[in-house]
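The values are calculated or read from the model by the stated rules, or taken from the named source; none is laboratory data. Because the structure is predicted, anything quoted here is derived from the model rather than measured. Cβ sites come from the backbone with ideal geometry, for glycine too, and all protein chains shown count toward neighbours. Just so you know, the surface numbers come from the protein's heavy atoms only, side chains and all, with ligands and any DNA or RNA stripped out. Shrake-Rupley method; radii C 1.70, N 1.55, O 1.52, S 1.80 Å.
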Amino acid sequence: MTMFPKLDPILHSELRLAVMSILIGVDEADFTYLKKQTGATSGNLSVQIDKLMAAGYITVEKGFKGKVPHTTCKITTTGQDAFNKYVESLKEYLSASK
Amino acid sequence: MEKSNEQNKEMTAQESLDLISEMLNNNRRCILQNSAKHFILWGALLLVFSIVIYELLHVTRDLRWNLLWFAMPLLGFPLARLLGKNGTAVPQNVISSQLHYIWLAYCAFAVVISIVAMFEMPSCITLLLVALLGFAECSSGLLLKNWPIIIGGFILGVGGAVVAMLVRSEVQLLVFAAGGLILAATGLIVKRQYQ
């Protein structure tokens, strides 16, 4: 099994990549939706979202819907660029290995 | 994506691409299934309102029953809101946003034309509204790249307009009932397509 140390380490993680793959196609998504789509635990998802936010790939808005806490995530332009670059790198690697 | 303690593991290039593809597809399916619910809701409302108003006009011959049409958005929008609140909030993508705007524009046209018609009842109101309904349906089909919806919209718009020209009085309302059926069928097609 080949690993990719040179790929963007922020994106080259299963859960973070899943979150970015969801956010790339939507205006914004809330925490519950991301949790449902990825099947992740709340704790793990929170940690990975914080890492993506720290990298500047997503913005996170925390608020309340009524009395319930509500977290919304949105991909940034930096995040979009990084995601596109990551996908291009993957494609190049795959075509080179054929 | 399966639940596991290895969600943060490193992947091969193929695994990464597969994951991206799976997430994009699941996301698209979830969003379009949510849009389908709205087609079914508005289609069912249009069908019920058309038949009820047709029956009332047929029995009483009182044109004021046409005012009941204004109850449709008053009932439909809160119901659509309820539909959105039921379960996890589904985000919008480019396609669902555009579908939303197309139907919002249709609703605005229909309400304004109906208000104008209250003061000066033009004989072509059914023709106009059904042609616009077909146009909105056809545009939705083009966005979804779905031939049954494109053809359904075309038949509804053009066929409905022709029928509206040929028949008079409350029988024209049955054209809207057919529109409601086609709209609900659109929802069912989208739901099945993205299951």
Quiz item: What's the tally of Lys pairs in the stretch A:14-97 whose alpha-carbon atoms lie under 27 angstrom apart, where the two lysines are 8 or more places apart or on different chains?
Solution: 22
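Counting only other chains, and only Cβ atoms inside 10 Å, what mean value do you get across the residues of B:129-140? Kindly include the intermediate steps, with their values, before the conclusion.
On the way: counts 0, 0, 0, 0, 0, 0, 0, 0, 0, 0, 0, 0.
Shielding by partners across B:129-140 averages 0.
Within 10 Å of each Cβ of A:79-87, how many other protein chain Cβ atoms are there on average? Please list the in-between numbers first.
Numbers: counts 0, 0, 0, 0, 1, 0, 0, 2, 3.
Going residue by residue through A:79-87 and averaging, the value is 1.
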Quiz prompt | Per-residue mean of C-beta atoms belonging to partner chains within 10 Å, peptide A:37-46 | solution = 3
Exercise. Determine ³J(HN,Hα), in whole Hz, for all residues of the stretch A:11-19 in sequence, where each value follows from phi through the Karplus function 6.51 cos²θ - 1.76 cosθ + 1.60 and θ = phi - 60°; x replaces Gly and Pro.
Key: 8, 7, 9, 3, 6, 5, 5, 5, 4
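Pull out the extension gain between B:ASP62 and B:PHE154, defined as 0.36 nm times the separation in residues minus the alpha carbon to alpha carbon distance; nm, one decimal. Numbers along the way, then the final one.
Values: separation 92, 0.36 × 92 = 33.12 nm, distance 3.23 nm.
Extra length available between B:ASP62 and B:PHE154 comes to 29.9 nm.
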Quiz item: Setting aside same-chain residues fewer than 8 positions from B:LYS145, which aspartates and glutamates have a Cα under 16 Å from its Cα?
Solution: B:GLU137
Exercise. Note the buried accessible area between B and A here, summed over both chains, with a 1.4 Å probe, in Å² to the nearest 100.
Key: 2800
Practice problem: Would you mind checking the tilt of helix A:77-97 against the longest principal axis of the Cα atoms of chain A, expressed as 0 to 90 degrees and rounded to 10? | Solution: 30
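Which longest uninterrupted range of chain B lacks any GluC sites (Glu not before Pro) assigned by DSSP to a loop state (not H, G, I, E or B) and surrounded by at most 15 other Cβ atoms within 10 Å? Present the calculation step by step, with values, prior to reporting the outcome.
Numbers: sites that count: B:GLU2, B:GLU6, B:GLU120.
Here the longest run is B:7-119.
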